[in-house]
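A short write-up of the structure that comes next.
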Amino acid sequence: MAQTMKDILNRMLNHEELSREEMKTILVGITQSEYPTEQITALLTALQMRGVTVDELLGFRDGILETGVPAILNADRYIDVVGTGGDRKNTFNISTTSCFVIAGAGYKVAKHGNYAATSVSGASNVIQHHGIRFTDDIDRLNRSLNEAGIVYLHAQLFARAMKFVGPIRKALQFPTIFNLLGPLVNPSQPQCQLLGVANLDQMRLYQQVYQRIGIDYGIVNSIDGYDEISLTGPFKVTVGIAPAATPAATVPGASPSGYERIFSPKDLGFEIAKPEELVGGATEEEAAAIFDAVLENRALPAQKNIVLANAAFGIQVLEKGEKSIEECIAIARESIDSGAALRTFKKFVELNS
């Protein structure tokens, strides 16, 4: 007999954890309007107060992917670079810019993003500012990936479940489990991901999630609270490479190879950046201008270096950790200096406008 939401909430009050399958069932039920708003609100609040487990996060992820629109891409290996958001630093579009640098270096990228929640310009804002029309047409998406090396997946076209909880999330005005899900529900399910998190608790949570999913990943956190490599001070990087023959998701106790290390900017040959050099501006136009300046190789040195650092760790994940970070920085630098990143972006605009 199926559990009612009343049963679920009573278990939550007893501090019990929910299984992956239970959470998936709840998410599907939300999309079928099975629960009143008050019960969903109570569930999200209880989860936030107690703290979300790996299984609970994976269960909601399963439900969002099952009820959403898939994006089946014709490529063997590609990456998404994304931040959790919510660091309230209002940086320029570092992850999105890094994606075009990676694609300019000859790798495949499937960038998943949305409009800004806590900053002036999110990935979808800066992409749309350049005249891009969002689509879920799989032929158009694959043409962009094959001809430009990069495809943009606007979250609202794919994660149908999100519209059912949008008003509740807005009313609650505090982060919920759905804030953690954004980086995990890329509808193309990439084999590689570089994720920026705002604190080390999130780093540990996502590390366990990625190991269960069985993908190659890098997770970065700047110690002073940026959800990306900011070069404003030391930053921590965790890289995990899933075993080739048997994905970590299918082998009990399996753990990926990789490393965990704290870097300083000078370890990578970079100067320390000033926080004001990272700010995305007060308007979408100002944020887009910085994005353009980096790709056109006329940005502030700090802005260029921050993109190089983030792109380099993405490249290292794509290379399964077989290239040193110094080699990966050189690859990213060549992408900008040669004009390849800018050419990639122009081709992307041509294909998607």
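The values are calculated or read from the model by the stated rules, or taken from the named source; none is laboratory data. For clarity, every value in this text was computed on a predicted model and none was experimentally measured. Backbone-built Cβ (ideal geometry, glycine too); neighbour counts: all protein chains shown. These area figures cover heavy atoms from the full protein model, side chains too; ligands, DNA and RNA do not enter into them. Shrake-Rupley method; radii C 1.70, N 1.55, O 1.52, S 1.80 Å.
Here Ile329 clears all of (1) over 22 Å from Ala242 (Cβ atoms); (2) of a type in the set (Val, Ile, Thr); (3) surrounded by 24 or more Cβ atoms within 10 Å (Cβ to Cβ) except the condition numbered (3).
Assessment of region 219-226 against the conditions (open to solvent by 40 Å² or more (accessible area, probe 1.4 Å), part of a loop (DSSP other than H, G, I, E, B) and free of Cβ contacts under 8 Å to residues at least 24 places away in the same chain) yields at least one matching residue. Listed by first and then second residue, the pairs with beta-carbon distance under 7 Å, at least 6 apart or on different chains, first residue in region 88-102 and over 19 Å from Gln128 (Cβ atoms), second open to solvent by 20 Å² or more (accessible area, probe 1.4 Å), are Arg88/Thr118.
So for region 317-330 (the condition being in a helix (DSSP H, G or I) and under 17 Å from Ile150 (Cα atoms)), does at least one residue qualify? There is at least one residue in region 317-330 that is in a helix (DSSP H, G or I) and under 17 Å from Ile150 (Cα atoms).
Looking at region 260-277, can you tell me whether even one residue there is within 20 Å of the chain's Cα centre (by Cα) and surrounded by 15 or more Cβ atoms within 10 Å (Cβ to Cβ)? Within region 260-277, not a single residue is within 20 Å of the chain's Cα centre (by Cα) and surrounded by 15 or more Cβ atoms within 10 Å (Cβ to Cβ). Please verify whether region 278-298 includes one or more residues that are of a type in the set (Lys, Arg), modelled with pLDDT of 95 or more and open to solvent by less than 50 Å² (accessible area, probe 1.4 Å). No, region 278-298 contains no residue that is of a type in the set (Lys, Arg), modelled with pLDDT of 95 or more and open to solvent by less than 50 Å² (accessible area, probe 1.4 Å).
On the stretch given as region 125-137, residues that are open to solvent by less than 60 Å² (accessible area, probe 1.4 Å) and either out of contact with any strand residue (DSSP E or B) (no Cβ under 6 Å at 6 or more places or on another chain) or aromatic (Phe, Trp, Tyr) (or both) total 7. Pairing residues of region 277-299 that are without any contact (Cβ under 8 Å) to a residue 60 or more places away in the chain with residues that are buried (at least 22 other Cβ atoms within 10 Å of the Cβ) and not aromatic (Phe, Trp, Tyr), at Cβ distances under 6 Å and at least 6 apart in sequence or on separate chains, gives Ala293/Ala299; Asn297/Ile336. No other residue among Ala311, Ala302 is over 22 Å from the mean Cα position of the chain (by Cα), assigned to a helix (DSSP H, G or I) and in contact (Cβ under 8 Å) with a residue 60 or more places away in the chain apart from Ala302.
Among the residues that make up region 87-96, is at least one of them open to solvent by 30 Å² or more (accessible area, probe 1.4 Å) and farther than 30 Å from Glu276 by Cβ? No: region 87-96 contains no residue that is open to solvent by 30 Å² or more (accessible area, probe 1.4 Å) and farther than 30 Å from Glu276 by Cβ. Considering the conditions (1) open to solvent by 10 Å² or more (accessible area, probe 1.4 Å); (2) over 18 Å from Thr232 (Cα atoms), Asn305 is excluded by exactly one of them, (2). Evaluating Gln39 against the criteria (1) touching a residue at least 40 places away in the same chain (Cβ under 8 Å); (2) open to solvent by less than 70 Å² (accessible area, probe 1.4 Å) leaves one unmet condition, (1).
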